[in-house]
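Chemist: The structure follows.
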């Protein structure tokens, strides 16, 4: 049987991601999160606790990060945890707290959705839906979230290649949602001195290959509080359109990821430093 080389070539090309590639939108995509625009000249800072734990914890942290320059509030109501015995989040109660804090501070909210059955509920409360690292290749979830009109924050899988990551984004765009932000959050390597290896190479690579905005999560990328600010600055210097950082008003009492969460005063110092770096690369930090 003779193999048609042209047919093979056509099939391969048809399977390549089409919608996310830079040539599909050379001017770049601007993602609008309830008035906060990601992907332009301004760098957007998303900050808040890893998990929503209480009204006081969320409110105090949110007011602090907003005062110091954050534009979007992050906080998990549903939490994917390695152990089934660890804190799993407050669920709908946490979403309600996020909604009240948004009204209090004026900050749009980004929070994670873990399951297709949660999409409608989370979308009712959140301004931006996050797909976490563990769900980057949860294709039914990608399809379901892609059908919504909400902006989406897609985190890179901890063991995913750039190609696999772009295919995951393609799932979202293929469902009709073009408001997608990519988030590099570190990959798993042989190195054990940090929780993950923050792949700053991914920033310029993604910028060359896709029109979607790219932000960085230095909290998960390092897993060590003392390294977060340094890698945040490096990410801005490398061209990131924003940061996703974990801040807790009492990290030593955090129910999730306390060791990588910044104290409010550390977040303030980080913001002062990255403003200087942003200015050096002819950009500025977005403020509400």
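Readers should treat all values here as calculations from the given coordinates under stated rules, not as data from a laboratory. Quantities reported herein were computed from a predicted structural model and do not represent experimental measurements. All Cβ positions, glycine included, derive from the backbone under ideal geometry; neighbour counts span all protein chains shown.
Chemist: Taking Cα atoms, how many degrees apart are the long axis of helix 5-14 and the longest axis of the chain, rounded to 10 and kept between 0 and 90?
Modeler: 20
Chemist: Under 20 Å from the 7 Å Cα→Cβ point of residue 41, by amide nitrogen: which residues of region 238-252?
Modeler: Once the point is set 7 Å along Cα→Cβ of residue 41, 238-243 turn out to lie under 20 Å by backbone N, inside region 238-252.
Chemist: Shape verdict for region 30-285, please, from the Cα gyration tensor: rounded (a/c under 1.5), prolate (a/b greater than b/c) or oblate.
Modeler: Judged from the Cα gyration tensor, region 30-285 comes out rounded (a/c under 1.5).
Chemist: Defining a contact as two alpha carbons under 8 Å apart and six or more residues distant in sequence, what relative contact order in percent does region 90-163 show?
Modeler: The value is 27 percent.
Chemist: Could you tell me whether region 138-288 comes out rounded, prolate or oblate from its Cα gyration tensor? Rule is a ≥ b ≥ c as square roots of the eigenvalues, rounded for a/c under 1.5, then prolate if a/b exceeds b/c, otherwise oblate.
Modeler: Prolate, because a/c is 1.5 or more and a/b exceeds b/c.
Chemist: Sort out for me the Cα centre separation of region 81-131 from region 168-242, rounded to whole Å.
Modeler: The two parts, judged by their Cα centres, are 21 Å apart.
Chemist: Contour minus end-to-end for residue 32 and residue 93, with contour as 0.36 nm per residue of separation and end-to-end as the Cα-Cα distance?
Modeler: 19.3 nm
Chemist: What FRET efficiency would be calculated for the residue pair residue 137, residue 54, taking the C-beta separation as r and a Förster radius of 41 Å, to the nearest 0.05?
Modeler: 0.80
Chemist: Using Cα pairs closer than 8 Å and at least 6 residues apart in sequence, work out the relative contact order for the chain, in percent.
Modeler: Reported relative contact order: 22 percent.
Chemist: Using a Förster radius of 41 Å, what is the FRET efficiency between residue 159 and residue 104 based on their Cβ-Cβ separation? Nearest 0.05, please.
Modeler: Values: r = 38 Å, r/R0 = 0.94.
The computed FRET efficiency comes out at 0.60.
Chemist: I want to make sure I understand the PRE zone here: with the label point 7 angstrom from the Cα of residue 250 toward its beta carbon, which residues in region 257-288 have backbone N atoms less than 18 Å away?
Modeler: The answer is 257-266, whose backbone nitrogens lie closer than 18 Å to the label point.
Chemist: Using 0.36 nm times the number of residues separating residue 115 and residue 86, minus their current alpha carbon distance, what extension gain do you get?
Modeler: 8.6 nm
Chemist: Classify region 27-144: rounded, prolate or oblate, from the alpha-carbon gyration tensor (a ≥ b ≥ c, eigenvalue square roots; a/c under 1.5 rounded; otherwise prolate if a/b is larger than b/c)?
Modeler: Oblate is the answer for region 27-144, as a/c is 1.5 or above yet b/c matches or exceeds a/b.
Chemist: For residue 288 and residue 149, FRET efficiency with R0 = 25 Å and r from the beta-carbon atoms, rounded to 0.05?
Modeler: E between residue 149 and residue 288, to the nearest 0.05, is 0.65.
Chemist: Let me ask something else. Once fully extended, how much extra length lies between residue 263 and residue 67, figured as 0.36 nm per residue of separation less the alpha-carbon to alpha-carbon distance?
Modeler: Between residue 263 and residue 67, full extension yields an extra 69.2 nm.
Chemist: Helix 264-280 sits at what angle to the longest principal axis of the chain, using alpha carbons and giving 0 to 90 degrees rounded to 10?
Modeler: 50
Chemist: Suppose each label sits 7 Å from its Cα in the direction of the beta carbon; what would the residue 280-residue 175 distance come out to in nanometres?
Modeler: Distance between the two pseudo-spin positions: 4.0 nm.
Chemist: Calculate for the chain the 222 nm mean residue ellipticity that helices alone would give, adding -39,500 (n - 2.57) per DSSP H run of length 4 or more and normalising by residue count, nearest 500 deg cm²/dmol.
Modeler: -11500 deg cm²/dmol
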